[in-house]
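*Asks:* My questions will all concern the structure given below.
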DNA sequence: ATGGTTGCGTAGCAA
C-alpha cells in the first residue's frame, strides 16, 4: 500500500498539479494539507474520476486537510481532540479498509501542525501563535498515546512544521529562533517519536540537507534552500510492514507548484 | 538592497 503526504497550498489553485500527480504516482492513500477551502467547494468530481474516495475537514481561506483513498475508508476523528475552542481545521483521521481482506487495514491521519511564527512577541516572550503550536503538539502527543494503546497499524502523515535537527535546515543559524527549530519544538517532536513512532523516510535515508519544502521567495528552489518538515510517522505495527519511503521532488519543479513536495512510503499487505 | 513570492480575496494576513 502506497501512502503519501503533500501540503498542496490550496487544492483549487493546485488542481492540475494534484490530478497529474495522482495519475502518475497513483498513491493508494493521499494525505493533503492546506487545502484552503471549505468542504462544499472541494474539487471532488475531478479527483473521484481518478478513482479516489474523498474525506475533507475544510476551512475557508486557511488550513484545511483531506484524505484521498482508492480503498473504502471510515472517518474516525475530525479535528484534533483536547481543545473544544480550537477552530482550525488541521487534523482528520480515518481507517482504510481494502476490500482485499489479505491487506490489513491501516489507520491514517492527515496533519497540518501550526507554523507558530513569529515565535516571540514584541517583549521577547513566546507569541500567542507559538504557544498555540506547542499546545497543539502536546495534544498530538496525548492523542498518539491513545492510538498506540490499540496496537493497530497507523500512519500519521503531514506538514509537521518541525525541523528536528540542524541537518534538516539549509541555514540553521538563520533559523535558530524560528518556531520550526526552537528547542521547545524539537523536544516535543522527539517526545512524539519516543512514544514508539518511526519516521518512515529516515529508515532509508540518513543524509542531511534533504528537503520537502522550498520557499517561493529568494530563488529557494533553484538554490536548494529548503527544509525537511513533511513526515510519515508510523506505529510499530505499521513500521513492521514498511517496505520503502522517499521524497518525490518532481512536483516542486513544475509550473504553478506548491512550495512543498510529496513524501511517500509503501507498506506490505500484512505480516 | 531589511527585500523577495504565492494564495486568499480584494486589504492585509499567513506562510
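The values are calculated or read from the model by the stated rules, or taken from the named source; none is laboratory data. This one's a predicted model, so the numbers in the text were calculated from it and none came from an experiment. Positions of Cβ are generated from backbone atoms using ideal geometry, with glycine treated the same way; all protein chains shown enter the neighbour counts.
*Asks:* With the structure loaded, tell me whether residue A:65 is modelled with pLDDT of 95 or more and farther than 22 Å from residue A:39 by Cα or whether it fails that test.
*Replies:* no
*Asks:* Among the residues of the range A:40-52, is there at least one that is within 11 Å of DNA strand B (Cβ to nearest atom), outside any helix (DSSP H, G or I) and more than 15 Å from the chain's Cα centre (by Cα)?
*Replies:* yes
*Asks:* Can you name every residue in the range A:2-27 that is surrounded by fewer than 24 Cβ atoms within 10 Å (Cβ to Cβ) and away from DNA strand B (no atom under 16 Å from the Cβ)?
*Replies:* A:2, A:22, A:23, A:24, A:25, A:26, A:27
*Asks:* Residue A:30 versus (1) away from DNA strand B (no atom under 16 Å from the Cβ); (2) assigned to a loop (DSSP other than H, G, I, E, B); (3) in contact (Cβ under 8 Å) with a residue 12 or more places away in the chain: which is the lone unmet condition?
*Replies:* Single failed check for residue A:30: (2).
*Asks:* Looking at the structure I just gave you, is residue A:70 touching a strand residue (DSSP E or B) at 6+ places or on another chain (Cβ under 9 Å), on the phi < 0 side of the Ramachandran plot and at pLDDT 95 or above? Give the steps one after another, and end with the answer.
*Replies:* Numbers: touching a strand residue (DSSP E or B) at 6+ places or on another chain (Cβ under 9 Å): yes; on the phi < 0 side of the Ramachandran plot: yes; at pLDDT 95 or above: yes.
Yes; evaluated as a whole, the condition is true for this residue.
*Asks:* Does residue A:215 meet the test of being surrounded by 13 or more Cβ atoms within 10 Å (Cβ to Cβ) and closer than 23 Å to residue A:108 by Cβ?
*Replies:* It is false that residue A:215 is surrounded by 13 or more Cβ atoms within 10 Å (Cβ to Cβ) and closer than 23 Å to residue A:108 by Cβ.
*Asks:* Has the range A:149-160 got at least one residue that is crowded, with 19+ Cβ neighbours inside 10 Å and out of contact with any strand residue (DSSP E or B) (no Cβ under 6 Å at 6 or more places or on another chain)?
*Replies:* No, because not a single residue in the range A:149-160 is crowded, with 19+ Cβ neighbours inside 10 Å and out of contact with any strand residue (DSSP E or B) (no Cβ under 6 Å at 6 or more places or on another chain).
*Asks:* For the range A:200-220: of the residues being in a loop (DSSP other than H, G, I, E, B) and either away from DNA strand B (no atom under 13 Å from the Cβ) or touching a helix residue (DSSP H, G or I) at 6+ places or on another chain (Cβ under 8 Å) (or both), which is nearest to residue A:268 (Cα to Cα)?
*Replies:* The extreme case among them is A:205.
*Asks:* Of all residues in the range A:221-271, count the ones that are within 12 Å of DNA strand B (Cβ to nearest atom) and in contact (Cβ under 8 Å) with a residue 40 or more places away in the chain.
*Replies:* Adding up the residues that qualify gives 10.
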